[in-house]
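Take a look at the structure set out below.
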Amino acid sequence: MSEVHHAITAHSNKQHMIVRRFLQLDAEREKCIDEALSRCLNGEAFTVDAINAVTKQINDLAKQGIIPQRKYVTVNMVREYAEKIRKQR
């Protein structure tokens, strides 16, 4: 019975680690998106490379099945969102 308990505990701990890592990566991705958006709104040059590097890490982690995947971001997506924000001002 003890072996089953240890197996369940190990599985639960592994899932918890995956979720924690996802939350860290998702926060980092949002920070990168905010930075690209801010640069775009200020008319500065920007890339989506950092966003998509983190997105790849998230999607690789998602292959383990317990967290959602994220979409890759294009420069046009950032520009379109920036334009939407400008119109709301």
If you line up the Cα atoms of the range 45-89 on their principal axes, what length do they span on each, largest first, in Å?
-> 41, 21, 12
Volume of the Cα convex hull of the range 2-88, divided per residue and given in Å³ | 86
Which residue, chosen from Ala53, Leu23, Ile67, occupies the Cα position most advanced towards the positive end of the dipole of the range 2-88, where the dipole is computed from +1 (Lys, Arg) and -1 (Asp, Glu) charges on Cβ about the Cα centre?
-> Ile67
Provide the gained length on full extension for the span Leu23 to His6, in nm with one decimal, where the gain is 0.36 nm per separating residue minus the Cα-Cα distance.
-> 3.6 nm
The aspartates and glutamates whose Cα lies under 14 Å from the Cα of Lys31, excluding any fewer than 8 residues away in the same chain, are Asp49
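None of the figures in this text is laboratory data; all of them are computed from the coordinates on show. Small disclaimer: the values here were computed from a predicted structure and weren't measured. We place every Cβ from the backbone using ideal geometry, glycine too, and count neighbours over all the protein chains shown.
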